[in-house]
1. Restricting attention to strands (runs of 3 or more DSSP E) lying wholly within the stretch A:336-396, give those where 2 or more residues are free of Cβ contacts under 8 Å to residues at least 40 places away in the same chain.
2. Tell me yes or no: at least one residue of the stretch B:119-137 is assigned to a helix (DSSP H, G or I), more than 14 Å from chain A (Cβ to nearest Cβ), modelled with pLDDT under 90 and surrounded by fewer than 21 Cβ atoms within 10 Å (Cβ to Cβ).
3. Only one residue in A:Ala134, A:Ala106 is modelled with pLDDT of 95 or more, under 20 Å from the mean Cα position of the chain (by Cα) and not β-branched (Val, Ile, Thr). Which one?
4. Quick check: is even one residue across the stretch B:216-225 touching a residue at least 40 places away in the same chain (Cβ under 8 Å), under 30 Å from A:Val95 (Cα atoms) and of a type outside the set (S, T, N, Q)?
5. Failed condition for B:Ala226, given (1) among the hydrophobic types (A, V, I, L, M, F, W, C); (2) closer than 24 Å to B:Ile27 by Cβ; (3) out of contact with any strand residue (DSSP E or B) (no Cβ under 9 Å at 6 or more places or on another chain); (4) assigned to a helix (DSSP H, G or I), with all others met?
6. Is it true that B:Phe277 is part of a helix (DSSP H, G or I) and aromatic (Phe, Trp, Tyr)?
7. Kindly evaluate B:Ile106 against the criterion of being among the aliphatic types (A, V, I, L, M) and in contact (Cβ under 8 Å) with a residue 40 or more places away in the chain.
8. Can you tell me which of B:Thr78, B:Thr35 is touching a helix residue (DSSP H, G or I) at 6+ places or on another chain (Cβ under 6 Å) and at pLDDT below 95?
Amino acid sequence: MTRKVWMGLALLAVFSLFSLGLQEAWAAEETVKIGYCAPLSGPAAAWGLPGLEGTSIWVDKVNAAGGLKVGDKTYKIEIVKYDDEGDGAKALVGVKKLVLEDKVVAILMLGGATTPPTQPFLSKEKIMCFVLIASDIAPDRPYLMDVTDNFPAYHLLHTEYIADAHPKAKKAAIISQDDEIGLAAIAWSEAGFKAAGIDVVYSKAFGVSTTDFAPIITAVLEKKPDIISMGASYPEFQALICEQAYTQGWRGIITSACWDFGAILAKVPKEFMEGAVSGFPDFDDPKLTKDHHDFWAEWKKRYPDHSFSEIVWEYMGALDVWAYGAQKAGSVKSEDVFKALKAADTVPHSFGPGKWFGKETFGNDNLLVPTWPITEIHGGKPAIVAYKNLFDWLKDAKKKQILFDTLKAWNIKTYQ
Amino acid sequence: MIRRILVYIVDNFRWIGWLMILGAVLIVLPYMVRTYQVEVLILLLIDIILVVSFRLITTTGGWSLAHVPMMGCGAYATALLTAGLGVPFWISLPLSGLAAAVMAFILSYPLARTTGFAFFVASFAAGDSLRLCWTRFKTPFGGHKGLTNIPVPEFFSSVDLSAPIPYYYLALVITALCLLIMFRLDRSRIGHTFKAISMNADLSRSLGINVTFYKMLAFTIGSFFAGVAGVLLAHRLWAVVPAQFGFVTTLYLLVWVVFGGTRTFHGPILGVVVLTFLSELLKPLFEWVPMIFGTIIILTLIFFPEGLEGLGHRFTPWLDRQRFAAGDEPRH
């Protein structure tokens, strides 16, 4: 072989390697887009804006590591934001933009009022939609999933924990605002208390425009409850409810789906909230994993003045589940990811392996249920005191019957 | 008759020319913008019907806080008629407007007897009670989850009205028709009577005008058009939920109207168009949007208390001075 042939072969090899490298570099540059259509301004912004903090940390981490490896390709992740202002019409415009123009493969949404107008379009386009409200799941919304927040199902676990930890507490009062979320919280909490053998002495919704809680709390306290459940009362209501209960001299166990401590502690002393039960720990809780602690450290570094809420991490939690599904499917195509997720026996949730649930209650097994932490407030900070599992709760046929009877009594559709 | 039309055209040549240019722009517009922007334009057209019909009520002096729930009445009526009873869209459109008008007529009986702040509060209560009905009665209104599966309007088999551009044209034609009727009404004897009541109800009464009747009439007609806007919205969203017709939407309506002004027919249209475009431009600054909007509105209220429509009057003397300096005759 002549020297020229060797030179030619060497050049070819160099060129091939170079083009392979280029190809890989190109592959790494491929970007997959996820839509974020939530209230980022207006009165409901508190349910959307903090979520951007968690998702931006997640995206930066994945992209800094070179991207997300799916099948043979590595993708950079991009979040495309749209402010729906919590309005159905704007949300529909937003999801159409995200799907048709930005070509997103999945959408993160709050859920609630924006779900009915957006779902017919998203179902038609077969685009996965991750919401934070499980009661949005329905048979005619096949691609709508709740893979992070277990509202309203976790009320069953909170109430069971209260019965275990406070056997002397025998009477409960439940109040929440009169809307879809509030009514679901009341119904599930009532079922939980009844199943735990706690007498529900007051169970009513208040109007969403309520500003004076004195008459409501007076009526509640007349029934002498040991426990007051605020259901899924909005943060602005929680502070006013606690203030009234404190002012009227009530002392007992408070429980709620979630808290806004900043607002509550502006109205009542820290001691009043001692022992209050919920299910959302701060991510620096010693019982959580290193991943949680790393996230907490990064979040604290980026947003030192912000207060932590479940909204900060829940949208990010959905991204974790989506990434797991994409890697399992070997594709980022919405339908493939959906199928891969549904085919899995267990899917990693932020709180541990989760299983699909919801067929009997919501008409579709699209709620991811892990073993959920129970928190108590100690010194003004939530601390994990127990873990409970919904599937264990449902094993008791008597309890399950109480749940379905109560949901029926509250006119909430089930699919038993 | 033909002569009268020709004279009218010649007399109003400037305006008709401008309208023709505007019409041409609106016809080609959907082909010049992105799909997403066509969707924004559809909502804008619906909002234009809403603000102009709201202004119609304000011409009698009262600012109704029940106007958005009236839009909801139209939306719920068409959802029940088309999705529930299978009534075609084209029949449901006027019927649903009529349903809102009938509801408004019933409510207007007590409302027309209130004035000023009392009307403001009473209309809010009336609107809220309507929303309460939609959430309380799961049958037929679907409760908090509302009603879904509202069909796409049918218009020959070859036209797919689920697509944005055909629906834009549907909304454009209906909006143009609604505006034309409301414009004619505004310039008619009835329209002048509405304004007379607004200026001085006691004086109008002393001249034999039945103030209560005309207030009821304005409220009913305005609500009819709000109902039509609701029909267009429902058939675009394919769903109606009570939250869609809540106080936040009413707040937006008030902002559009305050920003644009209510003295002229075009004032509220200017308000909603400018603020919608501004809102789209500011979308990437979502966290700052409320502050920017708030600042714009406060500045408008301070420097242009009559809204955007007052800008023309502010600049007319200045333009006249410029023309005078240039040796031209001032326009009046």
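The values are calculated or read from the model by the stated rules, or taken from the named source; none is laboratory data. As the structure is a computational prediction, the values presented were derived from the model and not from experiment. Note that we place each Cβ from the backbone using ideal geometry, even for glycine, and neighbour counts take in every protein chain shown.
1. A:352-357
2. Yes, that holds for at least one residue.
3. A:Ala106
4. There is at least one residue in the stretch B:216-225 that is touching a residue at least 40 places away in the same chain (Cβ under 8 Å), under 30 Å from A:Val95 (Cα atoms) and of a type outside the set (S, T, N, Q).
5. (2)
6. yes
7. no
8. B:Thr35
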